Each structure stands twice: as C-alpha cells, then as structure tokens.
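Contents: one structure, followed by commentary.
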Amino acid sequence: MSKDPSIKDDVFQEQVIRAAQKLFQQHGMYKVTMDDVAKAVGKGRSSLYYYYKSKEEILDAVMDVEISEILSWITDAVDKEPTVEGKIGAFCTAKLKALQKRKALYNTVDMEKDTNELVYRSRAAYAVRSRYMKQEGAVLGQILIFGMNKGELRRLNQKEQEILIFVLVSGLTGLVKEMALEKDDNLEPAIKTLSHMIIHGLKK
C-alpha cells in the first residue's frame, strides 16, 4: 500500500527546512541559493518551487521551526517549577541558553556587511522578532496569572502586564547580546539577580 501523498509532502518539506537551516547557519542567507538547498536534499530546483516561491519563504519556514523549538524548551522548563519565582528564573535561563545555542542561525536575519542583504534582513528580522516576542509574551502572561492566582504576586491590570512582559523580553534579548560581546557565558548570576528584582518588585 502506497503512502499518503500528504505524508510524503510533509517529509520532503521537513528535509528542505533542515537542509536550509544548516546552509543558512554555515554561509548566511544571501550566499545560499535555491540550487544549494535542492542539492542538499537530492532534488531538482523545480521541486522546491512547488512548495516555496523563493528562498525567503524557506527562511521564514526555518525561522518558524526555530521559534517553535525554542518556545517548547522554555515551556517545558517553566512547567517544572512550582513557584512563580522559579518559573521566571526558568524562563530566563531557557531563553538565554536557547538564544546562545541558536545565535549562528539568528545572524542570518541580523545586519552584516553585505549591503545586498540589508533590506531583506531588516524586514526578516522584524517579522521574526515580532512573532517570537508575541509567543514569548503569552508564556510570560501565563506565569504572571499563575503568580497572581497563587497570591505570590500583587494584582496587575492588563496594561501593567503588557508593559512588564515587553520590558522583560526586551531586556533578556539585550542581555544576551551584551554577554556575547563580553564573551561571558556565566548566565546564572545575571538570571538570579533579574528574577529576584522582578519578583520582589511585584510581591504583595
């Protein structure tokens, strides 16, 4: 009995995404061609165009997979902690470690010296950042609600929650960049300080 064609399609698209992911990490988005991706999966370029209209669409698919995987790591880490302070600490740790691990790929949507990539990189970086921050914000929102319902945090209105979430997500992203510049991989002290400041500023 032959396989369902939709299953074959899913398998092929998974192969394309994984192959492109490696190529983007190694060479950057601009230097990788559709031919390179097709060759990596052992298919002709026309096979790629059946699913993806451009290399940019492949990059979008790769980044969506990356976001999903990172959010899964974060959610798993948060779920294991019984207290709101533990959950925030786990969120920060998982996010920072994930971004460090995947920073080679995220360079593909950051600005480099090649001006031919600059316009696309700016658009792609903004789109990826927006999707990622929105989904991370949802996880943080759940943590805050958990803490308020448990009586560990004072009640925050919707606007206060949104501001706190924005500050925390943006601050963590900046922390990753600063630690990368300083070549400092010791995350624990920074995370403990940040978590302590947040929790004690929000306690009842």
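Read-outs: derived from the displayed coordinates by stated rules, not from any lab. On a predicted model such as this, the values are computed, not experimentally measured, just so you know.
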Open item on the list: Students often get this wrong, so check it: of Lys87/Lys159; Lys95/Lys134; Lys97/Lys192, which have C-alpha atoms separated by over 18 Å?
Closed with: Lys87/Lys159
Open item on the list: Please list 3J(HN,Hα) in residue order for segment 71-80, calculated via the Karplus relation 6.51 cos²θ - 1.76 cosθ + 1.60 where θ = phi - 60°; whole Hz, with x for glycine and proline.
Closed with: 5, 5, 4, 4, 4, 4, 5, 5, 4, 7
Task: Net lengthening on full extension, Gln15/Asp36 (0.36 nm per residue, minus Cα-Cα) - done: 6.2 nm
